[in-house]
Amino acid sequence: MSQDTEDLNRRLLRARDAMDRAYAEPLNVKAVAAVAHISEAHFSRSFRAVFGETPHSYLQRRRVERAMF
């Protein structure tokens, strides 16, 4: 894995962790992409490639999971 890929993965994990912490707040791709320090379009593409779902789908799934507990 290249250094660039590792850096991107760290940025995406940081953004996903922010989504997990603030799941109850109104979030949008622009705000979460800013956490990762990448553009909205690149964030959306990369998030889906790494985690297998869009940021929106991930956030909705997490909200449902949290509501079940």
| request: Sort out which residues of the range 13-42 are touching a Leu at 6+ places or on another chain (Cβ under 8 Å) and farther than 21 Å from residue 67 by Cα, and write them in order of number. | output: 36, 38
| query | What are the pairs, 6+ residues apart or on separate chains, where a residue within the range 51-62 that is touching a residue at least 24 places away in the same chain (Cβ under 8 Å) has its Cβ under 6 Å from a residue that is among the aliphatic types (A, V, I, L, M) and part of a loop (DSSP other than H, G, I, E, B)? | reply | none
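All of the numbers you see were taken from the coordinates with simple rules; none came from a lab. Predicted model, so just to flag it, every value in this text is computed and none were measured. For neighbour counting, all protein chains shown are included, and Cβ atoms are generated from backbone atoms with ideal geometry for every residue, glycine included.
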